[in-house]
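Q: One structure, as structure tokens, below. Some questions next.
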Amino acid sequence: MLIDDFADADLVSTLGTRWRGVSDRVMGGVSEAAVARDMVDGRPCLRLTGDVRLENNGGFIQAALDLAPPGRALDASDFTGLSLVARGNGETYSLHLRTPENRRPWQSYRAQFVAGPAWETIDLPFAGFAPYRLDAPLDTGRLRRLGLVAIGRAFHADLAVTRLGLYRQA
């Protein structure tokens, strides 16, 4: 199931929801983020760039997407995980998921991946997402939001994603 192929110049996903940039500035940090639609190697993509900085207890930038309208959720229980086609600057990034169980802004379910210099398909099975600062297991039947995140250490982020979707194991 396709979540986005970044064909829309205004960063409206195929689900009808809009991508937005978020950084640690919402909590006093100083990281700088840019989220834009770009063309890389002739492919339309979402591009997350910026500098992750640790001052003032900061340390993240992200491109966030609501997976359903407010008060609703996406049922992904028939799928194995998320698949993205990405490239980057060789750094480690995270994909964060949120469900109704995430009551605090810092809570999420997280999986890491490395985005190398060539386009690559990266499959992230739901079984590999670890809860962060909560005890509830990931309920794939009630996904609310996902984030492509540069987090946890000072570095320059440059992540391009040309396709994002759900996949089933054959």
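Q: Would you kindly derive the ³J(HN,Hα) couplings of segment 59-67 from the backbone phi angles with the Karplus curve 6.51 cos²θ - 1.76 cosθ + 1.60 (θ = phi - 60°), listing them in order in whole Hz, with x for Gly and Pro?
A: These are the phi-based 3J(HN,Hα) values: x, 7, 9, 7, 9, 10, 9, 6, 8 Hz.
Q: Work through the residues other than ALA86 whose Cβ is under 14 Å from its Cβ and net out their charges, Lys, Arg +1 and Asp, Glu -1.
A: Values: positive: ARG43, ARG47, ARG87, ARG163; negative: ASP4, ASP5, ASP38, ASP41, GLU91, GLU120, ASP123, ASP158.
Local charge sum for ALA86: -4.
Q: Sorted by average packing, counted as other Cβ atoms within 10 angstrom per residue and highest first, what order do 93-104, 58-69, 119-130 take? Provide the component values of the computation, followed by the final result.
A: Details: 93-104: 18.4, 58-69: 20.8, 119-130: 15.0.
Top of the packing list down: 58-69, 93-104, 119-130.
Q: How big is the dipole moment of the chain about its Cα centre under a simple scheme where the beta carbon of each Lys and Arg is +1, that of each Asp and Glu is -1, and everything else is neutral? Debye, nearest 20, please. Don't skip to the end; give the middle numbers.
A: Values: 20 positive and 20 negative charges, 85 e Å.
Once rounded to the nearest 20, the dipole reads 400 debye.
Q: Using a cut-off of 12 Å between beta-carbons, work out the net charge of the residues near PRO105 (Lys and Arg +1, Asp and Glu -1, PRO105 not included). Don't jump to the answer; show the numbers that get you there.
A: On the way: positive: ARG98, ARG103, ARG104, ARG133, ARG145; negative: ASP24.
Here the count lands on +4.
Q: By the scheme Lys and Arg +1, Asp and Glu -1, what is the net charge of all other residues having a beta-carbon under 12 Å from that of ILE122?
A: Numbers: positive: ARG87, ARG163; negative: GLU120, ASP123.
The answer is 0.
Q: Which of GLY16, ASN57, MET39 sits farthest toward the positive end of the charge dipole of the chain, with +1 on the Cβ of Lys and Arg and -1 on the Cβ of Asp and Glu?
A: ASN57
Q: When the distances between all Cα atoms of the chain are binned every 5 Å from zero, what whole-number percent does each bin get?
A: In order of increasing distance, the bins hold 2, 9, 18, 23, 22, 17, 8, 2, 0, 0 percent.
Every read-out reported here was derived from the displayed coordinates using simple, explicitly stated rules and does not represent laboratory data. Because the structure is predicted, anything quoted here is derived from the model rather than measured. Every residue, glycine among them, receives a Cβ derived from its backbone with ideal geometry; neighbour counts consider all protein chains shown.
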